[in-house]
Amino acid sequence: MELNVSPMETGEPTKQVPCHYDRTQELKAFDDTKAGVKGLVDAGIQSIPKIFIRPSEDLAQELNTCDNPNLQVPIIDLKGAQQEEIAKRILSVSSEWGMFQAVNHDIPIDVLEGLIEGIRRFNEEDDDAKKALYIR
């Protein structure tokens, strides 16, 4: 296998060098920065790091296992349901899908907008402030 070394990393023209890819080492290096994906963007990366790219064979196999082209993100209706029933449903869809959409939650739009603004402000903080809260 060969690795493209960019001018940004070496100051020289792009060249091919042999290497053995160590995903664990690259993932550890990424985690050690504690800057997340935004840190990569802020650093000016020009290509997607290999740790974020799945082999095309894996993707093809996964795409071939879907026999329902009309899949939708699960929706959990919070209106009128018992807490225990809602908790079981959230646990179930979170385990299967990893996400869901909650409807009839009665959270005012200004609260939701404030949440999004808080996330934006956090992501625009300097790296040192975010590193203190970084977990994986």
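The values are calculated or read from the model by the stated rules, or taken from the named source; none is laboratory data. Nothing here was measured: the structure is a model prediction, and the numbers come from that model. Every residue, glycine as well, gets a Cβ built from its backbone with ideal geometry; the counts of neighbours run over all protein chains shown. Calculation scope for accessible area: heavy atoms of the full protein, side chains included, ligands and nucleic acids excluded. Shrake-Rupley method; radii C 1.70, N 1.55, O 1.52, S 1.80 Å.
For the reader, a short list of remarks on this structure follows.
- Residue selected from the range 15-52 under the condition in contact with a strand residue (DSSP E or B) (Cβ under 6 Å, 6 or more places away or on another chain) and open to solvent by less than 80 Å² (accessible area, probe 1.4 Å), by the criterion modelled with the lowest pLDDT: 17
- Looking across the range 82-136, the residues that are of a type in the set (Lys, Arg), without any contact (Cβ under 8 Å) to a residue 24 or more places away in the chain and within 29 Å of residue 31 (Cα to Cα) come down to 120, 121.
- Residues in the range 20-49 that are more than 25 Å from residue 121 (Cβ to Cβ), within 14 Å of the chain's Cα centre (by Cα) and not in a loop (DSSP other than H, G, I, E, B): 27 alone.
- Some residue of the range 57-66 being surrounded by 11 or more Cβ atoms within 10 Å (Cβ to Cβ) and either of a type in the set (Gly, Ala, Ser) or in contact (Cβ under 8 Å) with a residue 24 or more places away in the chain (or both): no
- Within the range 69-92, the only residue that satisfies the criterion of being farther than 14 Å from residue 106 by Cβ, among the aliphatic types (A, V, I, L, M) and surrounded by 13 or more Cβ atoms within 10 Å (Cβ to Cβ) is 90.
- Of the residues making up the range 17-56, those that are without any contact (Cβ under 8 Å) to a residue 40 or more places away in the chain and of a type in the set (Lys, Arg) are 23, 28, 50, 54.
- Number of the condition not met by residue 98 [criteria: (1) open to solvent by 90 Å² or more (accessible area, probe 1.4 Å); (2) not in a helix (DSSP H, G or I)]: (1)
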